[in-house]
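Student: Here it is, the structure, as structure tokens.
The values are calculated or read from the model by the stated rules, or taken from the named source; none is laboratory data. Keep in mind the model is a prediction, meaning the values are calculated, not measured. Don't worry about glycine lacking a Cβ; one is built from the backbone with ideal geometry, like all the others, and counts go over all protein chains shown. Only protein heavy atoms, including side chains, enter the accessible area calculation; ligands, DNA and RNA are left aside. Shrake-Rupley method; radii C 1.70, N 1.55, O 1.52, S 1.80 Å.
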Amino acid sequence: ISKISYTFLVTSMQPASGSIMGGTTLAFAGQGFGNCSGMEVEMGPDYVCAITSCSNDQFDCLTERKAREHVITNGGRHPELGMGYAWDRTELEVQPGDTVRWQWNLLVSGDNIGINIHQTSGGSNEWDRKGFTSGAKKLSGEFQHTFDILGTYHYASVPVDNKDLILKGRVVVS
């Protein structure tokens, strides 16, 4: 089956700007839209626009920001213990709706050795009892959290070795 090409003309789009969070209804005017079946609208690499109504000379769509996933691993270098005992990124800037996935794998074993992730107040390494937590520490694992609200989120692990090695960092949602 050969490819089919179809040309349409866009003469205007209103409004010219909208929220970075998405949720803006855009109205496109032009010619040749048909019934919009199979038509997809992307607004650069970060946004899609879901068609809500359509005619041959106009369609409306609702913008939605494409969420991204960011991965943090324990592949960072600790000044004394070397690779695997620090996060590879201790500060990460994300946008609302993005997900952060922490992955870890310790190459040692022993009683009470492991990593977990929990939200802290920033002034302490203790779980703040309000935010996210991955549960009990494990030698290897992963945990993810989606950040929807603007702000700075501090996180830490319990002591990896039950002494003083704590992996910590922060996520800034802006």
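Student: Would you tell me the accessible area of PHE143, worked out with a 1.4 angstrom probe on the heavy atoms of the protein chains, in Å² to the nearest 10?
Tutor: Estimated to the nearest 10 Å², PHE143 gives 40 Å².
Student: On to the next question. Could you compute the FRET efficiency for THR99 and TYR47, with r as their C-beta to C-beta distance and R0 at 22 Å, rounded to 0.05?
Tutor: Efficiency computed from Cβ-Cβ geometry: 0.80.
Student: On to the next question. Return the Cα extents of the chain along principal axes one, two and three, sorted largest first, each rounded to a whole Å.
Tutor: Principal-axis extents of the Cα atoms in the chain, largest first: 69, 42, 26 Å.
Student: LEU150 to ASP164: extension gain in nm, 0.36 nm per residue of separation minus the Cα-Cα distance?
Tutor: In short, 1.9 nm is gained.
Student: Another one. What FRET efficiency would be calculated for the residue pair ALA136, LEU107, taking the C-beta separation as r and a Förster radius of 22 Å, to the nearest 0.05?
Tutor: 0.65
Student: Taking the Cα centre of the chain as the origin and placing charges on Cβ (Lys, Arg +1; Asp, Glu -1), which of THR24, GLY123, VAL48 is farthest toward the positive end of the dipole?
Tutor: Going by the Cα projections, it comes out as GLY123.
Student: Using a probe radius of 1.4 Å on heavy atoms only, what accessible surface per residue do you get for the chain? Whole Å² is fine.
Tutor: 61
Student: Sorted by accessible area (1.4 Å probe), largest first, how do VAL71, VAL41 line up?
Tutor: Largest accessible area first, the list is VAL71, VAL41.
Student: At 1.4 Å probe size, what's the solvent-accessible area of SER109? Round to the nearest 10 Å².
Tutor: Approximately 90 Å² for this residue.
Student: Given the C-alpha centroids of the stretch 143-158 and the stretch 104-137, what is the distance between them in whole angstrom?
Tutor: Cα centres, the stretch 143-158 to the stretch 104-137: 12 Å.
Student: Based on Cβ point charges of +1 for Lys and Arg and -1 for Asp and Glu, what charge dipole magnitude is obtained for the chain about its Cα centre, in debye rounded to the nearest 20?
Tutor: With only Lys, Arg, Asp and Glu charged at Cβ, the dipole is about 260 debye.
Student: Heavy atoms only, probe 1.4 angstrom, no DNA, RNA or ligands counted: give me LEU150, LEU81 ranked by accessible area, highest first.
Tutor: LEU150, LEU81
Student: Of HIS154, HIS118, HIS70, which has the most accessible area with a 1.4 Å probe, and how do the rest follow in descending order?
Tutor: These residues rank, largest area first, as HIS154, HIS70, HIS118.
Student: Here's something else I'd like to know. How large a share of the accessible area of the stretch 91-137, in percent, is made up of carbon and sulfur atoms when the probe is 1.4 Å and the other protein chains stay in place?
Tutor: Heavy-atom surface of the stretch 91-137 belonging to carbon and sulfur, 1.4 Å probe: 40 percent.
Student: To continue, here is another question. Note down the accessible area of ASP148, probe 1.4 Å, to the nearest 10 Å².
Tutor: 100
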